[in-house]
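The values are calculated or read from the model by the stated rules, or taken from the named source; none is laboratory data. Every value quoted in this text rests on a predicted model; they were computed, and no experiment measured them. Note that we place each Cβ from the backbone using ideal geometry, even for glycine, and neighbour counts take in every protein chain shown.
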Amino acid sequence: MGQVVQYIRSYLSSDQTPGAAGNMFWALVYIMLVFGGLSVAVIAMNWLERKILAHMQVRLGPMRVGPHGLLQPIADAIKLLLKEDIMPAEADGVVFWMAPFIVVLAAFTVFVVVPFGPTHAITDMNIGILFMLGVSSLSVLGIVMAGWASNSHYPLIGALRSSAQMVSYEVAMGLAVVSAILMTSLNAEGTGTLSMIGIVQAQQAQGEWFIFKFFPLGLIAFFIFAVAMVAETNRAPFDLAEAESELTAGFHTEYSGFRWSLFFLAEYSAMIAVSSIAVTLWLGGWLRPFPNLLNSSTWDLVFSLFPGVTFLLFAAMCFYNAVRMPKHPLFRIQTIGLAGFGVVLGLIGLVLFLPAVSMRVQDIFWFAAKVAGFMYLYIWYRGTFPRYRFDQLMQMGWKVLLPMGLGVLILTAGVALLQQRIWHP
Amino acid sequence: MAPVATPFFFYLFAAIMVIGGIMVITRKNPVHSALALIVTLLAQASVYLMLYAPFVAGVQIILYAGGIMVLFLFVIMLVSIDRSIRERQFNSQWVVGLIAATALGGLFIAVYTKGTNIFPEHALSIVESDNTQQVATMLYGQYMFPFEIASLLLLVAIIGAVVMAKKRI
């Protein structure tokens, strides 16, 4: 027993990720935490997307299930789990059955290397970014399998479109990523790194987020990635694979119930995954804004208050809306529920003010906040951009983004070489 | 940290690779064959990882499993499955097959028995932490010329494919 406690406690004093420390117990705990956090994030995204889209279109969005539709995602989940699971008679059974699992596996496995903080990652790999790109590119296999195994026209066309799209945009995406990795090699030894934690530490050491590095080269690379990542995740305006007006629902037309919800889960966690790649490579990962410019202890204190303040703001929003609820007795339970939710959020906020807690969760907060910004952008795109035509999409990928990516890569390499050889010999 | 590269994992991945390889040639449905090939390639990537070559494993996943196999599936899905299932799967070239199998098997046995002379034993130094950097220095330093030749070859292949596929350029 003592040995077990010793094994569990030994990690706490080490300053590493559980993977690097080789501690199975904490690795499992981290995996559970990431999986749970991701599921909550997907549920929250489901509600937020419907709500924000509705407000953009001057509608109310979900209002019936729970106060302001807060329980809508849970109702949806129960509905999906209880629905009949239909498999078309002419479908290829094994492939049809496997496809959603492959998509989910690919979408969740990438989070093994996502660095939520210097020690808050499940593990750090020498090939971190390569691993993320590789494993997330496997999800296209699941989509192709789903489309083919359904043995129906719309899913097949959807799968063909999405695989063509993902394969072409992967090229531009890879070039943008390489130009960011080149920037990590601007140190005394002249060797870069592919590890996700190493990339953020390089930005910390150089005192600059890579989006601002060699202005505007970093910004252009970031822009290429930001466009390509929307195409990679098959989201509007590049959602040709599931264009409702043309293909009913694309590759998952024949899926229902639990299997369909797996595709849904995978889509949102893939969105979070690519956003975290963008945050890690260009936006400084877990670093707070201005870590070098405003580095006095006063600023440290101010920035460490942000997580708590954010949750208190959420709580205040809940209370404000609870007060504004109609006074009719039928709304009493909803009002109490909303106020109770506000109290929970407020308590979380207060806990986050404790210095011991806020020191540990700060990096996670900044990382999550940056990713949340991307998630909002995804919804914003969906609410404002019209869908591309397929030839326009291919033209964009091969004739605009790819040459731009190549140009940025060559220029970045040239400038980096100049800086190493001439300015800092 | 205890090494993960235990014999158990080697035999596990080797078994997956062999079973996947057998399935590639025995399945009648070409899509099933392609999927079995993907399983084989992924197991191969795991074996690379066990040999402390994470970069090669990552490239294997990106290029073969994520890139080339998707294009494979892409083409196969457009082929009429009904017709290809009715086609003859094996062409009964027993003599040639037997000779080739015997030659390969003999080679394997020879390497296995006299292997220590051909491939001298090295004490395995675990260089996982800077594997990618070492690959880079090798590729762009010592083996720069062969590397460039190989990429030129690929470029020629790409241009050839475009010339053959497009009537008017």
Single unsatisfied condition, A:Ala221 versus (1) more than 10 Å from every other protein chain (Cβ to nearest Cβ); (2) under 30 Å from A:Arg389 (Cα atoms); (3) touching a Pro at 6+ places or on another chain (Cβ under 6 Å)
(3)
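Within segment A:263-321, which residues are outside any helix (DSSP H, G or I) and in contact with a His (Cβ under 9 Å, 6 or more places away or on another chain)?
Applying the first criterion (outside any helix (DSSP H, G or I)) to segment A:263-321 yields A:283-296, A:305.
The answer is A:Trp286, and nothing else.
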Here are some conditions: (1) modelled with pLDDT of 85 or more; (2) assigned by TED's automatic domain parsing to the domain that holds B:Ile22. B:Ser84 meets all but one. Which one does it not meet?
(1)
Is it the case that some residue within segment A:35-58 is β-branched (Val, Ile, Thr), more than 14 Å from every other protein chain (Cβ to nearest Cβ), outside any helix (DSSP H, G or I) and without any contact (Cβ under 8 Å) to a residue 24 or more places away in the chain?
yes
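Limited to segment A:385-425, what total is found for residues that are basic (Lys, Arg) and assigned to a helix (DSSP H, G or I)?
Initially, segment A:385-425 is screened for residues basic (Lys, Arg), giving A:387, A:389, A:399, A:421.
When the remaining residues are screened for being assigned to a helix (DSSP H, G or I), the result is A:399, A:421.
Number satisfying all stated conditions: 2.
Based on what the data block shows, is A:Leu130 surrounded by 24 or more Cβ atoms within 10 Å (Cβ to Cβ) and either out of contact with any Asp or Glu (no Cβ under 8 Å at 6 or more places or on another chain) or more than 24 Å from A:Ile272 (Cβ to Cβ) (or both)? Before you say what the answer is, go through the steps one by one.
On the way: surrounded by 24 or more Cβ atoms within 10 Å (Cβ to Cβ): yes; either out of contact with any Asp or Glu (no Cβ under 8 Å at 6 or more places or on another chain) or more than 24 Å from A:Ile272 (Cβ to Cβ) (or both): yes.
Spelling it out, A:Leu130 is indeed surrounded by 24 or more Cβ atoms within 10 Å (Cβ to Cβ) and either out of contact with any Asp or Glu (no Cβ under 8 Å at 6 or more places or on another chain) or more than 24 Å from A:Ile272 (Cβ to Cβ) (or both).
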In segment A:27-67, what residues are closer than 24 Å to A:Thr119 by Cα and either over 23 Å from the mean Cα position of the chain (by Cα) or among the polar types (S, T, N, Q) (or both)?
A:Ser39
So, in segment B:87-102, of the ones that are loosely packed, with under 10 Cβ neighbours inside 10 Å and assigned to a helix (DSSP H, G or I), which residue ends up nearest to the other protein chains (Cβ to nearest Cβ)?
B:Trp94
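Out of the residues in segment A:68-100 that are within 14 Å of chain B (Cβ to nearest Cβ) and surrounded by 14 or more Cβ atoms within 10 Å (Cβ to Cβ), state the one that is nearest to the chain's Cα centre (by Cα). If you could, list the steps in order and put the result at the bottom.
Let us first name the residues in segment A:68-100 that are within 14 Å of chain B (Cβ to nearest Cβ), namely A:90-99.
Remaining after also requiring surrounded by 14 or more Cβ atoms within 10 Å (Cβ to Cβ): A:91-92, A:95-99.
Details: A:Ala91: 32, A:Asp92: 32, A:Val95: 28, A:Phe96: 27, A:Trp97: 26, A:Met98: 24, A:Ala99: 22 Å.
So the residue we want is A:Ala99.
Please go through segment A:248-258 and give me each residue that is crowded, with 21+ Cβ neighbours inside 10 Å and in a helix (DSSP H, G or I), ordered by number. Show your work before the answer.
Residues of segment A:248-258 that are crowded, with 21+ Cβ neighbours inside 10 Å, as a first pass: A:250-255.
If the condition is that a residue be crowded, with 21+ Cβ neighbours inside 10 Å and in a helix (DSSP H, G or I), then A:Gly250, A:Phe251, A:His252 are the ones that fit.
Residues are listed down the side, and each one gets a yes or a no for (1) at pLDDT 85 or above; (2) aliphatic (A, V, I, L, M):
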| site | (1), (2) |
| --- | --- |
| A:Met132 | yes, yes |
| A:Val135 | yes, yes |
| A:Asn151 | no, no |
| A:Ser162 | no, no |
| A:Tyr169 | yes, no |
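Please verify whether B:Phe55 is modelled with pLDDT under 90 and not acidic (Asp, Glu), treating the condition exactly as stated.
Numbers: modelled with pLDDT under 90: yes; not acidic (Asp, Glu): yes.
Against the criterion (modelled with pLDDT under 90 and not acidic (Asp, Glu)), B:Phe55 qualifies.
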Identify all residues within segment B:1-23 that are without any contact (Cβ under 8 Å) to a residue 40 or more places away in the chain, β-branched (Val, Ile, Thr) and surrounded by fewer than 17 Cβ atoms within 10 Å (Cβ to Cβ); write none if there are none.
B:Thr6, B:Val18, B:Ile19, B:Ile22
Helices (runs of 4 or more DSSP H) lying entirely in segment B:27-83 (those with 1 or more residues that are away from chain A (no Cβ under 11 Å), surrounded by 17 or more Cβ atoms within 10 Å (Cβ to Cβ) and touching a residue at least 12 places away in the same chain (Cβ under 8 Å))
B:30-50
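Residues that are facing another protein chain (nearest Cβ under 9 Å): list the helices (runs of 4 or more DSSP H) wholly contained in segment A:132-217 that include at least 1 such residues. Spell out the reasoning first.
Working: elements: A:139-149, A:153-183, A:196-206.
Ranges flagged: A:139-149, A:153-183.
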